[in-house]
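Novice: Following this message is one structure expressed as structure tokens.
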Amino acid sequence: MFTGIIQGKYLVKSIDEQPGLKTLHVEFAKDNIEGLKLGASVALNGTCLTVSKIDGQIISFDVMQETLDRTNIGLVKEGDRVNVERSASMGDEIGGHLMSGHIIGMAEVVNVETPDNNQIMTFQVDPEWMKYVFDKGFIGLDGASLTIVNPNKVENTLEVHMIPETLRLTMYADRKVGDKINVELDSRTQTIVDTVEQVLAEGDRL
């Protein structure tokens, strides 16, 4: 599990490509590799991946074709940076929201505003996801747990407001219109909405 609190934006040093598989070699900060082991789960841009090799500060991840197709990990190039969060441990402070690292798909950045000391970004998402999107709810975007503002169910958009600390620690300061962003919806909201829909549908059949 993850909390949606990004720990840093780390450099992709190199990428090995094979049919149906990419291996990303990411340079971690020294202070974020303590206790990291082979097989550990780490979120890159919110995507839960497994550590396949540790070589000093270079941490490697194998990414299969399904993940490459569904997430923006498939768009990452050598020299890019990715949002990184290691998995939560028992006793850790949960400063964001519980997240699984299972990406449902990608949103597109459709507007970026930069008023003083923050940034407002608008994302367009799949219309089917909008029933799970509520004002002041939360959504995982490239692994960051963010509060939803002004959801528009006609245009299938939502806004998020970034504080300076979020911009410092994540890739959002460099994101621009047209970029593709990984999306993880709140699983509890999904469960509630789907259950209510099922109950109402069964009631209509009685």
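The values are calculated or read from the model by the stated rules, or taken from the named source; none is laboratory data. Quick caveat, the model's predicted, so the values are computed rather than measured. When we count neighbours, we look across all protein chains shown, and the Cβ atoms used for this are built from the backbone with ideal geometry, even at glycine.
Novice: Restricting attention to the stretch 151-172, which residues are under 11 Å from Gln7 (Cα atoms) and either of a type in the set (Ser, Thr, Tyr) or in contact with a Pro (Cβ under 6 Å, 6 or more places away or on another chain) (or both)?
Specialist: Result: Thr166, Thr170.
Novice: Another question about this same structure. Name, by its number, the condition in (1) more than 17 Å from Ser145 (Cβ to Cβ); (2) assigned to a loop (DSSP other than H, G, I, E, B) that does not hold for Ala88.
Specialist: Against the list (1) more than 17 Å from Ser145 (Cβ to Cβ); (2) assigned to a loop (DSSP other than H, G, I, E, B), Ala88 comes up short only on (1).
Novice: Go through (1) touching a residue at least 12 places away in the same chain (Cβ under 8 Å); (2) exposed (fewer than 12 other Cβ atoms within 10 Å of the Cβ); (3) closer than 30 Å to Gly35 by Cβ for Glu165 and report which single condition fails.
Specialist: (1)
Novice: Report whether or not Ile120 is under 15 Å from the mean Cα position of the chain (by Cα) and surrounded by 15 or more Cβ atoms within 10 Å (Cβ to Cβ).
Specialist: Criteria not met by Ile120.
Novice: Sticking with this one: What's the number of the condition Thr47 fails, among (1) in contact with a Ser or Thr (Cβ under 6 Å, 6 or more places away or on another chain); (2) surrounded by fewer than 19 Cβ atoms within 10 Å (Cβ to Cβ); (3) hydroxyl-bearing (Ser, Thr, Tyr); (4) at pLDDT 95 or above?
Specialist: (2)
Novice: Turning to a different aspect of this structure: Among the candidates Ile5, Ile73, which residue alone is within 12 Å of the chain's Cα centre (by Cα), assigned to a loop (DSSP other than H, G, I, E, B) and either within 30 Å of Gln124 (Cα to Cα) or not hydroxyl-bearing (Ser, Thr, Tyr) (or both)?
Specialist: Answer to the check: Ile5.
Novice: Among the residues of the stretch 13-46, which ones are in contact with a Gly (Cβ under 6 Å, 6 or more places away or on another chain) and either basic (Lys, Arg) or in a strand (DSSP E or B) (or both)? Don't jump to the end; show me each part of the working.
Specialist: Filtering the stretch 13-46 down to residues in contact with a Gly (Cβ under 6 Å, 6 or more places away or on another chain) leaves 29, 43, 45-46.
Matches in the stretch 13-46: Ala43 only.
Novice: On to the next question. Kindly check whether there is at least one residue in the stretch 187-204 that is crowded, with 17+ Cβ neighbours inside 10 Å, closer than 22 Å to Ala43 by Cα and touching a helix residue (DSSP H, G or I) at 6+ places or on another chain (Cβ under 9 Å). Give the derivation first.
Specialist: Just the residues of the stretch 187-204 that are crowded, with 17+ Cβ neighbours inside 10 Å, to begin with: none.
No.
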